[in-house]
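Let me begin by presenting the structure, written as structure tokens, before commenting on it.
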């Protein structure tokens, strides 16, 4: 085997260009550099969001057009380096080396340039052409930095384009530069960092030993550097590739120079320091920046928690104040009208077909449609907090609390999403680096009371508890959170022996949010919710309808009633008859379907009428037990499917089902017994 020489790289690139007429551009950068903002700005809605093959890490790919040309754009995962310490780093470097994009755009922060340049130091050493997008120039100015872009460009030897992506400033110049590089009009002469002087001879020795054995498409010097860095993936590849005697010689050198990692890193930092001294001035040294002033409150151990409580309270208030009227409007003006029109259109059709369309399909999917305004507003509020830089502070102040479960502050971010919907909460665990912490967070996320659960609580609490409805609702929400903590502690102790994850999280600078980025975020998450939840709900709605009408067309003798009466003995522990037991089971489809099921079972579609029937039929003790079971019952089908997807196995999804089923039955039975003992 032989290493990938420059002429081989050119040949490979020519072959790839024959296969693809559209140039491929990769966006690379560290987290919080504005990479996603630039990606959204260029691609708009012409983008596809999925997962990298075999990974749960998000892959975003889009197309944009400029000056009569089309370009494919890949948004690589945010990564601090190209060493295989995380899946994100491995994905980013393997894509650049194996897919050989026509150009890499490195998005760096002008306000955090010194830290940003470490990734540039690695990217510039690869054979793919590089352009540096110097983003957040406005934030750098506020922080007191003055950057000489011409000097920076000369020091790097690659084009540098200043940007303010949130306001689309500099994007036209960036696209012009991209076209000049791709057309060959602009020739690059990158100035590469060098390994520390005392290890340059060692690097040459490694290169000589692996020369002719480096598998394509890895460059020879790059592979030697990665071996010196102790890169696990490259070490494994070379150990499998090299003859035994050569690998032993390489291994002997690496053992004798176990400080080589520092030599490589020191060389890069010397390169960075030279560039910073030449191109960057800090004005008014010693002044307190805006970020530092705000963080005195946002990250304070006491004031930070108070601020977080106020922020979350504001989010919920805005979400429900704006979302509830929209939800009611959709229910009346869209879902009910659609059902009426469908009934009229199918009046001459068989009764079973009319029931299937109106009760099964429209009734099932309608619940998803009515909750979209609340979810969209919640996503927008969360996106705003993310984009402005506050959510990192929220994770920081919650770190001590999360340690009770062996987790850290990053787990708070996806759990917070669960108040809107558990589906994006489980998907949001992708931000957690530790697999053990991520798995525990996935398994406890369904304990967060979502809007659908709270809708059931709001309806039944108002009917049964009148002026005490708000107090009972808060108590049920608090009970769910207590069960979340207890479950997290138990899962961490049983599965990972109380292991704790280290909490390393960057605090990005505060900056003005970008409306376009937030709007696209809301759009993507809303569409993802409709696709994942809507399709599952449609299928299960039809299934439940079939069970409710077969074999005789009567509910009391239907398969659904038969099944309900079969498992009624378990429901009796909680004070339920078969009707409440079936209603609870239908919440597996969607939590709010519990109310719809009760309406069908009791023969009343009107909420007022149903409330009166339920109050006359069941005691407050039974109602409280039913609400407790609803809050703790197994997650909906869509959430369960996402748990399987994100955890990578049905085994973990079944663990979640078993845990929540046991708690819902046990705690509800206890609540029923206590409430009945009090004479409720």
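Any read-out appearing in this document is the output of simple, stated calculations on the displayed coordinates, not a laboratory observation. If you're wondering where the values come from, they're calculated on a predicted model, not measured in any experiment. Cβ: placed from backbone, ideal geometry, glycine included. Neighbour counts: every protein chain shown.
Of the listed peptides 137-144, 565-572, what is their order by residue-averaged count of other C-beta atoms within 10 Å, with the highest listed first? Mind showing how you got there, number by number?
Values: 137-144: 18.6, 565-572: 14.9.
Result, highest mean first: 137-144, 565-572.
Among 397, 657, the order by Cβ neighbours within 10 angstrom, fewest to most, reads 657, 397.
With the simple spin-label model, which puts each label point 7 Å out from Cα in the Cβ direction, the residue 322 to residue 293 separation comes to 2.8 nm. Counted over the range 6-183, the DSSP beta bridges are approximately 40% antiparallel.
Short-range pairs are left out: with C-alpha atoms under 8 Å and at least six residues apart, the relative contact order of the range 6-183 is 21 percent.
For 654, 117, 372, which order do you get if you count the other beta carbons within 10 Å of each Cβ and list the fewest first? List each step's numbers first, then the result.
Values: 654 13, 117 25, 372 17.
The fewest-first ordering by Cβ neighbours comes to 654, 372, 117.
Relative contact order, whole percent, for the range 197-265 stands at 39, derived from Cα pairs under 8 Å and 6 or more residues apart.
Legend: ranking of residues 451, 299 from fewest to most surrounding C-beta atoms inside 10 Å; resulting order 299, 451.
Each part reduced to its alpha carbon centroid, the range 98-156 and the range 235-253 end up 35 Å apart. An ellipsoid equivalent to the range 197-265, defined through the eigenvalues of its Cα gyration tensor, has semi-axes of 17, 13, 11 Å when rounded to whole angstrom and sorted largest first. In terms of its alpha-carbon gyration tensor, the range 6-183 comes out rounded; the largest-to-smallest axis ratio a/c stays below the 1.5 threshold.
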